[in-house]
Ligand code: AMP
Ligand code: MG
């Protein structure tokens, strides 16, 4: 069931489910998570089952505070505290050496573990009342991540006992992942905490840039895909691609920022992504989910890859299934 209004009693019920080996979907500031007790291998295996997630794609362990790291990480690198003080609680996942108490199923057999300290009050309360919670995004594997409780329901109804409804996720895309286990801290997945922000605290590389490292395991899979065709165009190409598609009898929609939509020379069916980079980040997944139910082709605006729009484009490119 979905709890429409989350109160203390619902969170207590959710904490009971987690403690007794069950699954709960819960809001975080990034996207909704599907959580289980991180120390319970059987409960964590049920997450993979519910999502249809490949076994070799590790989960992130969600913690209430820095002190809780002792239970899940072997040697906490000094930089972890610096990053924690600057960015946490918030949308940053740190990869560190795995502690023995964390079952292999959480990390897909890796000797490292991803940990995060969510800032959403419902997530924080749930963890505080239960235990460290292993959670990936609460969508069916390969689908667009959920940013509302309804999105979770649309994907997982009947497969999980409880969805806590904490409203629309503030950030709207998954956390930034930084690997602290190599010589140079390396961003494995860009997010709302950008490379520029991290660079103010430490030297940082990106996986495709200056330093060659293995990709984050989950990155080899198609992610974030809507159920209809999806392509990407620069603002000045949108009108022609749209007109051609409609001429071919294809029901088509444009996902773009408001100013781009206003400047188009033809009238189009559209979903506005808003006016600012943070609005676009916030709106993208909900817009993809709305569009896939109504149209056969989605045209996403190609944004200039600066600041958080670099992270948005990282996800948007993975939604594209037409070359
Ligand atoms: P999701 O929350 O669904 O985005 O999935 C969690 C993602 O975190 C995975 O797909 C991986 O890319 C990443 N991740 C989790 N643990 C690790 C780890 N130990 N090393 C590298 N990446 C990780
Ligand atoms: Mg995911």
Report task. Return the residue satisfying two criteria in turn: it lies in the stretch 132-157 and is part of a strand (DSSP E or B), in contact with a strand residue (DSSP E or B) (Cβ under 6 Å, 6 or more places away or on another chain) and closer than 15 Å to residue 50 by Cα, and of such residues it is nearest to ligand 1 (Cβ to nearest atom). Result -> 135
Report task. With the checklist (1) buried (at least 17 other Cβ atoms within 10 Å of the Cβ); (2) at pLDDT below 95; (3) not in a loop (DSSP other than H, G, I, E, B) in hand, flag the one item residue 223 doesn't pass. Result -> (3)
Requested in this report: Would you mention how many residues in the stretch 99-125 are touching a residue at least 60 places away in the same chain (Cβ under 8 Å), assigned to a helix (DSSP H, G or I) and within 14 Å of ligand 1 (Cβ to nearest atom)?
Outcome: 4
Query raised in the report: Out of the stretch 252-277, which residues are over 18 Å from residue 319 (Cα atoms) and either in contact (Cβ under 8 Å) with a residue 40 or more places away in the chain or part of a loop (DSSP other than H, G, I, E, B) (or both)?
Result: 260, 264, 265, 266, 267, 268, 269, 274, 275, 276
Query - Sole residue being part of a helix (DSSP H, G or I), under 30 Å from residue 198 (Cα atoms) and away from ligand 1 (no atom under 16 Å from the Cβ), chosen from 67, 80 - result: 67
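The values are calculated or read from the model by the stated rules, or taken from the named source; none is laboratory data. Since this is a predicted model, take the numbers as computed values, not measurements. Using ideal geometry, Cβ is built from the backbone for each residue, glycine included, and neighbour counts are taken over all protein chains shown.
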